[in-house]
Each structure stands twice: as structure tokens, then as C-alpha cells.
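These notes concern the structure reproduced below.
We did not get these values from a lab; they are worked out from the coordinates using the rules stated. Keep in mind that what you see is a predicted model, and the values were worked out from it rather than measured. With ideal geometry, Cβ positions are generated from the backbone for all residues, glycine too; neighbour counts draw on all protein chains shown.
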Amino acid sequence: MDIEGKGKSRKRQIKKSQVVFKYVCAILALFVVLIFTIKLFEKKIDVNIIESSIVSEVENLNSLNEEGTKKIDDKNFEKDENTYENVDLNSETIKDTEKVNIESNEYLENMDLLATNSEIIFHRDNLLFVGDIAINKKNVNAYRSSKGIELIVDKTYRKYIAEKDLLIGNMECVLSDKGEPVMKQFNFRASPSMVNMLKDLDFDILSVANNHSLDFGEVAFLDMLDTFKKNDISYIGGGKNSDEAYAECIKEVNGAKYAFLAATVVAPYGSWFAGDDSVGLSNGYNNGRINKRIRELKKEVDKVIVYMHWGREKEEIANETQMSIGRAFVNAGADLVLGCHSHTLQNIEFYKSTPIIYGLGNFIFGGTWTDTMMVSVDFIYSNLYPKGRINLKIIPGISGYELTKVYWKKEDIDAMLYNILVKSPTATIDENGYIIEKLENVENTENTENIENIAKNP
């Protein structure tokens, strides 16, 4: 009986344990469901917060762009051009501006992503453009040291140069020991031996259309052009007569032909402009002659590019004269227009979907530190774009004394790109420096071909 009683007691204990176990499992299951529900709720809140943040950032950036437009609309543009150079660049270069989250702008895209699976790229031609080059004593001493070119342009910029197809800049001093200084405020010259520095940097084309090329008269100017010829550096924008001054330089890259023209609207004397039988520069006000040549070249080459010397010194927004001339070149058929002279980085405009980069700044100039940029331009030829599409990128940097170097700190890069962005209502710039036309500007353009292309490659 004791054994039987113990057995029944054991069964009751097991049954009781089973009931307790079932209750515990049910409670645990409810707890798991509760935790899972809380997590889902928290995730939804986070998503809403992120979406709200992005919308807020987009609204902020769009309002900033509206301010940039207002700055341009309200600007009292000066129509006359400076006749003298002011090279005392003491303005603050790294501005403590408000930072924006560039990534959140709905219009920003990396143009490299434009290539879809259906696009077959035949070749990509890389052209690099920089601004003013005036070789100073610090450059000379640094270059003649044991490190040479390493003390002139930093390793990162030189890496871009090593991978380019063409490098183009503005030669804003005279490379000659000949001649006497003309009467003007500033006269710039360097030893003709410094052409070796330009060769080490692998310059392909230099514009001589500026307000310093004739600082030491015609003899020195022609001597510099002869030095360029002997060292296989092409020049544009000046010559022994008007035919040479207005002539284009044509370069072929991977089978594509590029024509380069240059002109200036800044000169201390009218006599600096070339005549039928007189030495000088191409006149940027001579729109008829330049535009006629652009139209002719469009039938002969793949792309026509104009490099201008224009604007007012220290101004950061293009004036009416620049905009009028730049747009006239586009109307004539130019595929890209760039310029310098202000010693500042100016705004960027897309006119009829063609980029106009108004101010490239100083590339090698001496003086105090100023923002600079190298503009990398890819012309990409593919099955979808047999005539080529353009891909623009800013490589931000700083130039002063003897050295030009890229910006490394994100805050410096963001500040510089932001400073250009807010002045450029038809353009947008992503965090990597890619310059893209705003979609609403494309929708309003008369260039229907580009609209169709963007529709194919959203």
C-alpha cells in the first residue's frame, strides 16, 4: 500500500509540474511577442525620425540655393573691367560657414552612376583645368631645391595629373629675360628656364590671353611663345598677329578631337590686342570673330572648349559681362566654357545644359593662402552617347606661397564646396565634388537632346 500510495503521489507531482511548465512557456511566449512588438515600434519611430531629418535637410539646402539665387539677382553687377591687377590676396580663405549635409539633397547624384548596364563605354577622355599660374621667387627657390616639383604641387594633385589626357591652365607671367617693363601697376616675369617646371607638371596647353603676357613688351612675349614651341607646350589666345592669336589648338585623344580657344576682356591697353600685322592677344569682346570660329569648328571636331580671362578681382560671383559672353559662346556651340582672373572661385552655371565655370582661382600664384580647385572633365563616349557626355568634378585645394595642395579635412572640403554651391542656382555639387545640373533647370532648358538622355539614364 505504501508503494501504491507513493506511486499515485508521484503521478500527481508530475502532472502538477507539467501544468506549471505549460504556464511558464505561455508566459515566455507572451514576453517574446511583447519584446518583438516593442522593437518594431522603435524601428518605425527611427525611420520616421530619419525621414523627417532628410526632408528637413533638403528644405534647408533648397532654401540656401534660393538665397544664392537671390544674391545673384540682387547683385549690383559692374559692366566695366579692371585695367590693373591687384595681387594682394589677404582675404580670409577658409571660412567658418554653416555646414550642410550635402548627401541629403534629392538632386545630387554621382555622374559615374549614370552609366547603366545598357551603356557600353567606348572611351573616357580626361581633361584637367586649372586657373592662374604666376611663377614667383618662392616657386623658383623651391623648384631648384633637391625636392623640385614636390614642393610646388603636392602628391595628390600630381597623381591626378599623371592619369590625365590633357592639362590646361592660364600662364599669367612672362617667361623671358628680354624686354623692359611696360608702365602698369604690376609686372610679372620669371626665368625662361622655369619652363622645366611646367614640363615637369606636364602641361599640354597654356592660355596667354591675360593682362600680364605683355608686361615686358612684345619682344619678351614672342620669346616666351618661342620657348613654349621648343618645349612642346601648346599655347592659345595670343600670337604674332590676329590670325595666330585667335587660332584654335586642336588635340586628339582616343580618336576624339578637341578644339581649344582663349581670349581676354582684361588688358591694361587696347594696343595689347592683336591686329592683322601686330603682336598681341585675342579680344574677348570680339564675339563675332570667336563665335564664327566656334560654329566652324563644330563641323570639324568633337568638342569645342573656350578658356576666358574675365571678371573683376576678388569678386566671387560672375558679373553681367562674363555671363553675356559665356552664354554667347554656348549659343555658338561651345561644349564647355571656363575662366579665371578674379583670383577667387566663382559660381558655376548650366546654360542650355552646357557648363560655364566662371572662376577657377589661382593654381600657382604665391601670396597668401587662397582656395583653389582643379576641375576634372571626363568626356565619355558610349553606345548611348556616341557624341559624348560630360562628367565634371571639383578637386578642392589651397594655394599660396610656393605650394599648391589638396584639401584633406572634410570640414575644409565641405566649406569650399558649399561656398560654390550657394552661388550656383542651376548647379548642384555632391560630397565627392561632382558637379551636376539641377533637374528643374534641365526641364526648363531648350536642349531637348539632353532631356531625352537623362530620361534614358535616370
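Given LYS159/LYS423; LYS229/LYS405; LYS159/LYS199; LYS292/LYS314, which pairs have Cα atoms separated by over 23 Å?
Flagged as over cut-off: LYS159/LYS423; LYS229/LYS405; LYS292/LYS314.
For GLY339, the residues 5 or more places off, or on other chains, whose built amide H falls under 5 Å of its own are MET308, ILE357, GLY359, LEU360. Here segment 120-245 was treated as a single set of alpha-carbon atoms; its pair distances binned every 5 Å from 0 give 2, 10, 20, 22, 19, 13, 7, 4, 2, 1, 0, 0 percent.
Between beta-carbons, use under 15 Å as the cut-off and find the net charge around LYS299, counting Lys and Arg +1, Asp and Glu -1. Local charge sum for LYS299: +2.
Temperature 37 °C, viscosity 0.692 mPa s: under these conditions the Stokes-Einstein estimate for segment 102-456, based on its Kirkwood radius over C-alpha pairs, is 160 µm² per second. Taking amide H atoms as placed 1.01 Å from N in the peptide plane, the amide H of ALA190 lies under 5 Å from those of VAL174, LEU175, SER176, each 5 or more residues away in sequence or on another chain. Simple spin-label model, 7 Å along Cα-to-Cβ: LYS229 to LYS178 in nm? Each label point lies 7 Å from its Cα, and together they span 1.1 nm. Neighbours of GLU252, meaning other residues whose beta-carbon lies under 14 angstrom from its beta-carbon, give a summed charge of -3 when Lys and Arg score +1 and Asp and Glu score -1. A simple count of charges around GLY400, restricted to other residues whose Cβ falls under 11 Å of its Cβ and scoring Lys, Arg +1 and Asp, Glu -1, yields 0. The tail of the calculated P(r) for segment 213-282, taken as Cα-Cα distances beyond 18 Å, holds 39 percent of the pairs. Taking amide H as placed 1.01 Å from N in the peptide plane, LEU167 has its amide H under 5 Å from the amide H of LEU128, ASP204, ILE205, each at least 5 places away in sequence or on another chain.
Ordered by the number of other Cβ atoms lying within 10 Å of each residue's own Cβ, fewest first, TRP369, TRP408, TRP310 fall into the sequence TRP408, TRP369, TRP310.
Could you tell me the calculated FRET efficiency between TRP369 and SER193, based on Cβ-Cβ distance and R0 = 25 angstrom, to the nearest 0.05?
Numbers: r = 27 Å, r/R0 = 1.08.
It comes to 0.40.
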